[in-house]
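Enquirer: Got a structure here, written out as C-alpha coordinates. Questions coming.
The values are calculated or read from the model by the stated rules, or taken from the named source; none is laboratory data. All of these numbers come straight from a predicted model, not from anything done at the bench. SASA here: full protein model, heavy atoms, side chains in, ligands and nucleic acids out. Shrake-Rupley method; radii C 1.70, N 1.55, O 1.52, S 1.80 Å.
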Amino acid sequence: AWYVPCLASLETLQELCRKENLRCKSIGITNRSLKSYEVEYLCDYKVEEGTEYYLVKWKGWPESSNTWEPQKNLKCPLLLQNFLSDKNEYLSRVREGKALQVRNHIKALKPAVADYIVKKAKQRIALQRWKEELNRKKNHKAMILVENTVDLEGPPLDFYYINEYKPAPGINVINGITTGCECADCPAEKCCPKEAGFILAYNKQKKLKIQPGLPIYECNSFCRCGPDCPNRIVQKGTPYSLCIFRTNNGRGWGVKTLQKIKTNSFVMEYVGEVITSEEAERRGQLYDNQGNTYLFDLDYDSDEFTVDAARYGNVSHFVNHSCDPNLQVFNVFIDNLDLRLPRIALFSTRTIKAGEELTFDYQMKGSIDLTADSADGLSPSRKRIRTVCKCGAVCCRGYLN
(Lines give C-alpha, C1' and ligand atoms only; values in the text may rest on other atoms or scores of the structure.)
Protein backbone atom coordinates (compact mmCIF):
# COMPACT_ATOMS: atom_id res chain seq x y z
CA ALA A 1 0.00 0.00 0.00
CA TRP A 2 1.10 3.56 -0.66
CA TYR A 3 0.98 6.17 2.09
CA VAL A 4 0.70 9.95 1.98
CA PRO A 5 1.67 12.48 4.66
CA CYS A 6 -1.16 13.97 6.72
CA LEU A 7 -2.30 17.28 5.25
CA ALA A 8 -3.24 18.76 8.64
CA SER A 9 -0.54 20.55 10.64
CA LEU A 10 0.55 19.26 14.04
CA GLU A 11 -1.06 22.26 15.75
CA THR A 12 -4.40 21.60 14.00
CA LEU A 13 -4.36 17.95 15.08
CA GLN A 14 -3.50 18.93 18.66
CA GLU A 15 -6.35 21.42 18.80
CA LEU A 16 -8.84 18.90 17.39
CA CYS A 17 -7.77 16.29 19.94
CA ARG A 18 -8.08 18.78 22.75
CA LYS A 19 -11.59 19.85 21.70
CA GLU A 20 -12.75 16.24 21.44
CA ASN A 21 -10.91 15.20 24.63
CA LEU A 22 -8.89 12.60 22.70
CA ARG A 23 -5.44 11.27 23.57
CA CYS A 24 -2.71 10.76 20.98
CA LYS A 25 0.80 10.20 22.31
CA SER A 26 2.44 10.53 18.89
CA ILE A 27 1.40 14.20 18.62
CA GLY A 28 1.88 15.05 22.29
CA ILE A 29 -1.71 14.77 23.58
CA THR A 30 -1.67 12.70 26.77
CA ASN A 31 -3.63 12.69 30.03
CA ARG A 32 -0.94 14.89 31.49
CA SER A 33 -1.00 17.52 28.73
CA LEU A 34 -4.80 17.61 28.76
CA LYS A 35 -4.88 18.41 32.46
CA SER A 36 -1.77 20.56 32.90
CA TYR A 37 0.61 22.91 31.13
CA GLU A 38 4.05 21.69 30.07
CA VAL A 39 6.62 23.76 28.19
CA GLU A 40 7.30 22.29 24.73
CA TYR A 41 9.80 24.90 23.60
CA LEU A 42 10.64 28.59 23.96
CA CYS A 43 9.88 30.91 21.04
CA ASP A 44 11.05 34.41 21.94
CA TYR A 45 12.65 36.58 24.61
CA LYS A 46 12.32 40.12 25.93
CA VAL A 47 13.27 42.30 28.86
CA GLU A 48 10.52 44.59 30.13
CA GLU A 49 11.02 46.88 33.14
CA GLY A 50 14.02 44.85 34.21
CA THR A 51 12.18 41.49 34.12
CA GLU A 52 13.14 38.73 31.65
CA TYR A 53 10.28 37.03 29.80
CA TYR A 54 10.14 34.05 27.43
CA LEU A 55 7.38 33.31 24.94
CA VAL A 56 6.28 29.74 25.72
CA LYS A 57 4.84 27.13 23.35
CA TRP A 58 2.80 24.80 25.56
CA LYS A 59 2.92 21.09 24.79
CA GLY A 60 -0.32 19.87 23.26
CA TRP A 61 -1.63 23.41 22.71
CA PRO A 62 -1.69 25.31 19.38
CA GLU A 63 0.64 28.27 18.87
CA SER A 64 -2.29 30.64 19.31
CA SER A 65 -2.14 29.70 23.01
CA ASN A 66 1.50 30.81 23.46
CA THR A 67 2.06 33.07 26.47
CA TRP A 68 4.83 35.29 27.82
CA GLU A 69 6.18 33.94 31.13
CA PRO A 70 8.80 35.43 33.48
CA GLN A 71 11.97 33.38 33.58
CA LYS A 72 11.65 32.79 37.33
CA ASN A 73 8.48 30.74 36.68
CA LEU A 74 10.13 28.41 34.15
CA LYS A 75 11.37 25.03 35.39
CA CYS A 76 12.89 23.80 32.14
CA PRO A 77 16.70 24.21 32.28
CA LEU A 78 17.32 22.05 29.19
CA LEU A 79 14.91 24.09 27.06
CA LEU A 80 16.50 27.32 28.29
CA GLN A 81 19.90 25.89 27.37
CA ASN A 82 18.64 24.93 23.89
CA PHE A 83 17.21 28.42 23.42
CA LEU A 84 20.50 30.13 24.26
CA SER A 85 22.51 27.65 22.20
CA ASP A 86 20.30 28.16 19.13
CA LYS A 87 20.53 31.93 19.54
CA ASN A 88 24.32 31.86 19.69
CA GLU A 89 24.50 29.45 16.77
CA TYR A 90 22.43 31.79 14.61
CA LEU A 91 24.53 34.81 15.55
CA SER A 92 27.75 32.98 14.73
CA ARG A 93 26.42 31.90 11.34
CA VAL A 94 25.24 35.33 10.24
CA ARG A 95 28.16 37.01 12.04
CA GLU A 96 25.96 39.33 14.04
CA GLY A 97 27.15 40.37 17.45
CA LYS A 98 23.85 41.41 19.02
CA ALA A 99 20.57 39.54 19.21
CA LEU A 100 18.50 42.20 20.99
CA GLN A 101 17.02 45.44 19.80
CA VAL A 102 15.05 48.13 21.64
CA ARG A 103 11.39 48.60 20.68
CA ASN A 104 9.06 50.85 22.69
CA HIS A 105 11.53 50.86 25.61
CA ILE A 106 11.51 47.01 25.60
CA LYS A 107 14.58 44.95 24.80
CA ALA A 108 13.43 42.22 22.39
CA LEU A 109 14.99 39.58 20.17
CA LYS A 110 15.40 40.50 16.54
CA PRO A 111 12.63 38.76 14.51
CA ALA A 112 15.14 36.79 12.42
CA VAL A 113 16.76 35.37 15.56
CA ALA A 114 13.42 34.37 17.09
CA ASP A 115 12.32 32.80 13.80
CA TYR A 116 15.49 30.68 13.65
CA ILE A 117 15.10 29.57 17.29
CA VAL A 118 11.51 28.40 16.65
CA LYS A 119 12.56 26.51 13.52
CA LYS A 120 15.36 24.78 15.42
CA ALA A 121 12.98 23.85 18.24
CA LYS A 122 10.46 22.38 15.80
CA GLN A 123 13.22 20.52 14.00
CA ARG A 124 14.52 19.10 17.29
CA ILE A 125 11.05 17.81 18.18
CA ALA A 126 10.48 16.36 14.69
CA LEU A 127 13.82 14.55 14.69
CA GLN A 128 13.13 13.17 18.17
CA ARG A 129 9.75 11.82 17.01
CA TRP A 130 11.40 10.32 13.94
CA LYS A 131 14.06 8.63 16.08
CA GLU A 132 11.35 7.14 18.28
CA GLU A 133 9.44 5.93 15.22
CA LEU A 134 12.54 4.28 13.71
CA ASN A 135 13.29 2.48 16.97
CA ARG A 136 9.69 1.27 17.29
CA LYS A 137 9.77 -0.22 13.81
CA LYS A 138 13.24 -1.81 13.75
CA ASN A 139 13.50 -5.52 14.50
CA HIS A 140 16.98 -5.56 16.06
CA LYS A 141 18.25 -4.62 19.52
CA ALA A 142 20.76 -1.95 18.49
CA MET A 143 19.60 1.66 18.66
CA ILE A 144 19.11 4.14 15.80
CA LEU A 145 19.92 7.78 16.57
CA VAL A 146 19.25 10.90 14.49
CA GLU A 147 21.40 14.05 14.43
CA ASN A 148 21.40 17.31 12.50
CA THR A 149 23.79 20.06 13.58
CA VAL A 150 24.24 21.38 10.05
CA ASP A 151 20.97 22.90 8.79
CA LEU A 152 17.21 23.05 9.38
CA GLU A 153 16.36 19.90 7.43
CA GLY A 154 13.86 17.66 9.21
CA PRO A 155 12.87 14.01 8.69
CA PRO A 156 12.15 12.90 5.11
CA LEU A 157 8.41 13.23 4.55
CA ASP A 158 7.98 10.31 2.15
CA PHE A 159 10.12 7.55 3.65
CA TYR A 160 8.78 4.50 5.48
CA TYR A 161 10.98 2.21 7.54
CA ILE A 162 10.85 -1.53 6.79
CA ASN A 163 12.97 -4.43 7.99
CA GLU A 164 12.77 -6.74 4.99
CA TYR A 165 12.00 -6.75 1.28
CA LYS A 166 8.58 -5.42 0.29
CA PRO A 167 7.71 -7.36 -2.87
CA ALA A 168 5.63 -5.81 -5.61
CA PRO A 169 2.49 -7.77 -6.63
CA GLY A 170 3.41 -11.00 -8.38
CA ILE A 171 6.91 -11.26 -6.90
CA ASN A 172 7.56 -13.93 -4.26
CA VAL A 173 10.62 -13.32 -2.10
CA ILE A 174 9.97 -16.52 -0.10
CA ASN A 175 10.22 -19.58 -2.32
CA GLY A 176 8.66 -22.09 0.04
CA ILE A 177 11.67 -23.86 1.54
CA THR A 178 10.42 -26.92 3.45
CA THR A 179 13.70 -28.51 4.54
CA GLY A 180 16.83 -27.43 6.34
CA CYS A 181 20.06 -28.88 7.65
CA GLU A 182 20.01 -31.56 10.35
CA CYS A 183 23.17 -30.30 12.04
CA ALA A 184 23.21 -30.44 15.81
CA ASP A 185 26.26 -28.19 15.78
CA CYS A 186 26.80 -26.21 12.56
CA PRO A 187 28.84 -26.35 10.44
CA ALA A 188 28.71 -29.99 9.47
CA GLU A 189 29.25 -31.87 6.23
CA LYS A 190 25.62 -31.46 5.20
CA CYS A 191 25.11 -27.89 6.40
CA CYS A 192 23.30 -25.39 4.14
CA PRO A 193 26.33 -23.81 2.40
CA LYS A 194 27.80 -27.21 1.44
CA GLU A 195 24.43 -28.41 0.18
CA ALA A 196 24.45 -25.39 -2.15
CA GLY A 197 27.99 -26.14 -3.30
CA PHE A 198 29.81 -23.44 -1.32
CA ILE A 199 31.84 -23.15 1.88
CA LEU A 200 30.56 -21.72 5.14
CA ALA A 201 30.87 -17.92 4.93
CA TYR A 202 31.79 -17.31 8.59
CA ASN A 203 34.64 -18.31 10.90
CA LYS A 204 34.34 -19.28 14.58
CA GLN A 205 34.28 -15.59 15.56
CA LYS A 206 31.25 -15.13 13.25
CA LYS A 207 33.32 -12.94 10.91
CA LEU A 208 33.21 -13.22 7.13
CA LYS A 209 35.93 -15.42 5.62
CA ILE A 210 34.91 -15.58 1.94
CA GLN A 211 35.94 -13.29 -0.90
CA PRO A 212 33.62 -10.67 -2.47
CA GLY A 213 31.50 -12.15 -5.25
CA LEU A 214 30.87 -15.44 -3.45
CA PRO A 215 27.37 -15.99 -2.04
CA ILE A 216 26.43 -16.52 1.60
CA TYR A 217 24.06 -19.39 2.44
CA GLU A 218 22.71 -19.11 5.98
CA CYS A 219 20.67 -21.67 7.88
CA ASN A 220 16.93 -21.18 7.43
CA SER A 221 13.74 -21.46 9.46
CA PHE A 222 13.53 -25.24 8.84
CA CYS A 223 17.06 -26.01 10.00
CA ARG A 224 17.51 -28.06 13.16
CA CYS A 225 20.07 -25.64 14.64
CA GLY A 226 18.97 -22.96 17.09
CA PRO A 227 19.24 -19.15 17.14
CA ASP A 228 22.85 -19.28 18.39
CA CYS A 229 23.99 -21.12 15.28
CA PRO A 230 27.20 -19.54 13.90
CA ASN A 231 25.61 -19.62 10.45
CA ARG A 232 22.84 -17.18 11.43
CA ILE A 233 24.26 -13.67 11.15
CA VAL A 234 22.49 -11.49 8.57
CA GLN A 235 19.03 -12.73 9.59
CA LYS A 236 19.52 -11.33 13.12
CA GLY A 237 19.78 -7.73 11.91
CA THR A 238 22.44 -5.14 12.59
CA PRO A 239 24.19 -5.59 15.97
CA TYR A 240 25.55 -2.02 16.05
CA SER A 241 23.96 1.21 17.20
CA LEU A 242 23.96 3.62 14.25
CA CYS A 243 23.28 7.33 13.77
CA ILE A 244 21.60 8.94 10.77
CA PHE A 245 23.27 12.34 10.58
CA ARG A 246 23.31 15.39 8.33
CA THR A 247 26.59 15.76 6.45
CA ASN A 248 28.28 19.16 6.25
CA ASN A 249 29.51 18.96 2.65
CA GLY A 250 26.30 18.80 0.64
CA ARG A 251 25.80 15.02 0.64
CA GLY A 252 22.57 15.25 2.62
CA TRP A 253 22.00 12.51 5.20
CA GLY A 254 24.64 9.92 6.02
CA VAL A 255 25.11 7.09 8.52
CA LYS A 256 27.84 6.71 11.14
CA THR A 257 28.50 3.94 13.62
CA LEU A 258 28.37 4.62 17.34
CA GLN A 259 30.41 1.49 18.10
CA LYS A 260 33.69 0.07 16.88
CA ILE A 261 33.17 -2.44 14.06
CA LYS A 262 35.80 -5.10 13.44
CA THR A 263 36.93 -6.18 9.97
CA ASN A 264 34.61 -8.55 8.04
CA SER A 265 31.65 -7.95 10.36
CA PHE A 266 28.04 -7.82 9.21
CA VAL A 267 26.72 -4.26 9.51
CA MET A 268 23.30 -4.00 7.81
CA GLU A 269 21.05 -5.20 5.01
CA TYR A 270 19.96 -3.13 2.02
CA VAL A 271 16.17 -3.45 1.78
CA GLY A 272 13.36 -1.81 -0.17
CA GLU A 273 10.62 -2.63 -2.64
CA VAL A 274 11.42 -5.54 -4.97
CA ILE A 275 10.24 -4.64 -8.46
CA THR A 276 10.86 -5.88 -11.98
CA SER A 277 13.66 -4.37 -14.04
CA GLU A 278 11.06 -3.00 -16.44
CA GLU A 279 9.35 -1.15 -13.58
CA ALA A 280 12.76 0.01 -12.35
CA GLU A 281 13.48 1.52 -15.76
CA ARG A 282 10.15 3.36 -15.71
CA ARG A 283 10.70 4.65 -12.16
CA GLY A 284 14.31 5.53 -12.94
CA GLN A 285 13.21 7.97 -15.60
CA LEU A 286 10.80 9.61 -13.15
CA TYR A 287 13.43 9.67 -10.41
CA ASP A 288 15.94 11.30 -12.74
CA ASN A 289 13.61 14.26 -13.14
CA GLN A 290 13.20 14.50 -9.36
CA GLY A 291 16.85 13.82 -8.58
CA ASN A 292 16.16 11.11 -6.01
CA THR A 293 16.66 7.50 -7.04
CA TYR A 294 17.62 4.50 -4.89
CA LEU A 295 17.61 1.57 -7.33
CA PHE A 296 19.78 -1.49 -6.63
CA ASP A 297 19.85 -4.12 -9.38
CA LEU A 298 19.75 -7.73 -8.13
CA ASP A 299 22.17 -9.03 -10.74
CA TYR A 300 23.81 -11.96 -8.94
CA ASP A 301 22.38 -14.44 -11.44
CA SER A 302 20.22 -12.33 -13.77
CA ASP A 303 18.83 -8.82 -14.03
CA GLU A 304 15.11 -9.53 -13.66
CA PHE A 305 14.60 -7.70 -10.37
CA THR A 306 15.63 -4.45 -8.67
CA VAL A 307 15.38 -3.17 -5.11
CA ASP A 308 13.90 0.33 -4.89
CA ALA A 309 14.58 1.96 -1.51
CA ALA A 310 13.31 5.42 -2.46
CA ARG A 311 10.19 5.26 -0.26
CA TYR A 312 10.58 2.02 1.69
CA GLY A 313 13.87 1.03 3.30
CA ASN A 314 15.95 0.86 6.45
CA VAL A 315 19.07 2.69 7.67
CA SER A 316 20.95 1.65 4.51
CA HIS A 317 18.75 4.12 2.59
CA PHE A 318 20.94 6.89 4.04
CA VAL A 319 24.39 5.33 3.52
CA ASN A 320 26.58 7.45 1.26
CA HIS A 321 28.86 6.44 -1.59
CA SER A 322 32.66 6.48 -1.38
CA CYS A 323 35.36 5.53 -3.88
CA ASP A 324 37.28 4.21 -0.83
CA PRO A 325 34.45 2.53 1.11
CA ASN A 326 34.47 0.69 4.42
CA LEU A 327 31.53 -1.59 3.50
CA GLN A 328 31.26 -4.32 0.86
CA VAL A 329 28.15 -5.84 -0.77
CA PHE A 330 27.45 -9.59 -0.48
CA ASN A 331 24.53 -11.68 -1.79
CA VAL A 332 22.78 -13.75 0.90
CA PHE A 333 20.33 -16.67 0.64
CA ILE A 334 18.30 -17.79 3.66
CA ASP A 335 14.61 -18.64 3.23
CA ASN A 336 14.71 -18.03 -0.51
CA LEU A 337 17.09 -19.95 -2.74
CA ASP A 338 15.94 -18.21 -5.91
CA LEU A 339 19.20 -16.93 -7.41
CA ARG A 340 17.33 -14.00 -8.93
CA LEU A 341 16.33 -12.69 -5.49
CA PRO A 342 19.30 -12.60 -3.11
CA ARG A 343 19.23 -10.53 0.04
CA ILE A 344 21.86 -7.77 0.02
CA ALA A 345 24.16 -7.54 3.04
CA LEU A 346 26.85 -4.96 3.80
CA PHE A 347 30.00 -6.15 5.62
CA SER A 348 32.93 -4.10 6.91
CA THR A 349 36.10 -4.18 4.80
CA ARG A 350 38.31 -2.95 7.65
CA THR A 351 38.11 -1.86 11.27
CA ILE A 352 35.71 1.08 11.56
CA LYS A 353 36.07 3.43 14.52
CA ALA A 354 33.14 4.65 16.60
CA GLY A 355 31.87 7.91 15.09
CA GLU A 356 33.13 7.07 11.58
CA GLU A 357 30.79 7.38 8.60
CA LEU A 358 29.72 4.17 6.85
CA THR A 359 30.06 4.10 3.06
CA PHE A 360 30.06 1.69 0.15
CA ASP A 361 30.99 1.93 -3.51
CA TYR A 362 27.91 2.22 -5.73
CA GLN A 363 29.90 0.72 -8.62
CA MET A 364 30.87 -2.46 -6.81
CA LYS A 365 29.22 -5.80 -7.63
CA GLY A 366 25.48 -5.33 -7.36
CA SER A 367 25.24 -2.52 -9.96
CA ILE A 368 23.65 0.19 -7.95
CA ASP A 369 21.70 3.28 -8.93
CA LEU A 370 21.34 5.60 -5.99
CA THR A 371 20.89 9.35 -6.32
CA ALA A 372 19.72 12.27 -4.17
CA ASP A 373 20.73 13.35 -0.67
CA SER A 374 22.58 10.25 0.46
CA ALA A 375 22.82 8.46 -2.87
CA ASP A 376 24.03 9.88 -6.14
CA GLY A 377 25.27 6.84 -8.06
CA LEU A 378 24.05 5.53 -11.37
CA SER A 379 23.45 1.94 -12.43
CA PRO A 380 25.85 0.81 -15.18
CA SER A 381 22.81 -0.53 -17.03
CA ARG A 382 21.34 2.94 -17.43
CA LYS A 383 23.21 5.65 -19.36
CA ARG A 384 22.37 8.95 -17.71
CA ILE A 385 23.96 12.28 -16.92
CA ARG A 386 27.26 11.83 -15.10
CA THR A 387 27.10 12.72 -11.42
CA VAL A 388 30.01 14.40 -9.64
CA CYS A 389 31.34 12.41 -6.66
CA LYS A 390 31.71 14.25 -3.34
CA CYS A 391 33.22 11.42 -1.29
CA GLY A 392 36.54 13.27 -0.75
CA ALA A 393 38.65 10.09 -0.91
CA VAL A 394 42.25 10.36 -2.11
CA CYS A 395 41.45 7.80 -4.81
CA CYS A 396 38.16 9.50 -5.81
CA ARG A 397 37.21 8.75 -9.41
CA GLY A 398 35.52 12.14 -9.78
CA TYR A 399 32.22 10.72 -10.92
CA LEU A 400 29.85 8.09 -9.60
CA ASN A 401 29.15 6.55 -12.99
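Enquirer: With both bridge residues required to lie in region 119-258, what share of the DSSP beta bridges run antiparallel, to the nearest 5%?
Expert: The antiparallel proportion sits near 60 percent.
Enquirer: Could you please state how large a percent of the accessible area of the chain is carbon and sulfur, counting protein chains only and using a 1.4 Å probe?
Expert: Answer for the chain: carbon and sulfur cover 51 percent of the accessible area.
Enquirer: From largest accessible area down, sort T51, T306; use a 1.4 Å probe on the protein chains.
Expert: In descending accessible area the options line up as T51, T306.
Enquirer: Okay, next question. Please label the shape of region 38-127 as rounded, prolate or oblate, based on the square roots a ≥ b ≥ c of the eigenvalues of the alpha-carbon gyration tensor (a/c under 1.5 means rounded; beyond that, a/b larger than b/c means prolate, else oblate).
Expert: Judged from the Cα gyration tensor, region 38-127 comes out oblate (a/c at least 1.5, b/c at or above a/b).
Enquirer: Let me ask something else about it. Please state the equivalent ellipsoid semi-axes for the chain: what are the square roots of 5 times the Cα gyration tensor eigenvalues, largest first, in whole Å?
Expert: Over the Cα atoms of the chain, the ellipsoid semi-axes are 47, 24, 20 Å.
Enquirer: Let me ask something else about it. If I build a Gaussian network model for the chain, linking alpha-carbon pairs within less than 10 angstrom, which residue out of S241, S64, S265 has the largest mean-square fluctuation?
Expert: Largest GNM mean-square fluctuation: S64.
Enquirer: So how tilted is helix 77-94 from the main axis of the chain? Cα-based, degrees 0 to 90, rounded to 10.
Expert: Taking the Cα atoms of the chain, the angle to 77-94 is about 90 degrees.
Enquirer: Roughly how many Å is it from the Cα centre of region 163-231 to that of region 292-319, as a whole number?
Expert: Their Cα centres are 22 Å away from one another.
Enquirer: Heavy-atom accessible area per residue, the chain, 1.4 Å probe: how many Å²?
Expert: 51 Å²
Enquirer: Determine ³J(HN,Hα), in whole Hz, for all residues of region 169-177 in sequence, where each value follows from phi through the Karplus function 6.51 cos²θ - 1.76 cosθ + 1.60 and θ = phi - 60°; x replaces Gly and Pro.
Expert: x, x, 10, 10, 8, 10, 9, x, 4
Enquirer: If you don't mind, there's one more thing I want to ask. Does region 141-360 come out rounded, prolate or oblate, given a ≥ b ≥ c as the square roots of the eigenvalues of its C-alpha gyration tensor, rounded meaning a/c under 1.5 and, failing that, prolate meaning a/b above b/c?
Expert: Note, shape of region 141-360 comes out oblate.
Enquirer: Antiparallel as a % of all DSSP beta bridges within region 141-360, to the nearest 5?
Expert: 65 percent
Enquirer: Give the shape of region 224-327 as rounded, prolate or oblate, defined through the alpha-carbon gyration tensor: a ≥ b ≥ c are the square roots of its eigenvalues, a/c under 1.5 means rounded, and otherwise the shape is prolate if a/b is larger than b/c and oblate if not.
Expert: Here region 224-327 falls in the oblate category.
Enquirer: For V255, enumerate residues with amide H under 5 Å from its amide H, sequence gap 5+ or separate chain, H modeled in the peptide plane.
Expert: Hits under the 5 Å cutoff: F245, N320, L358.
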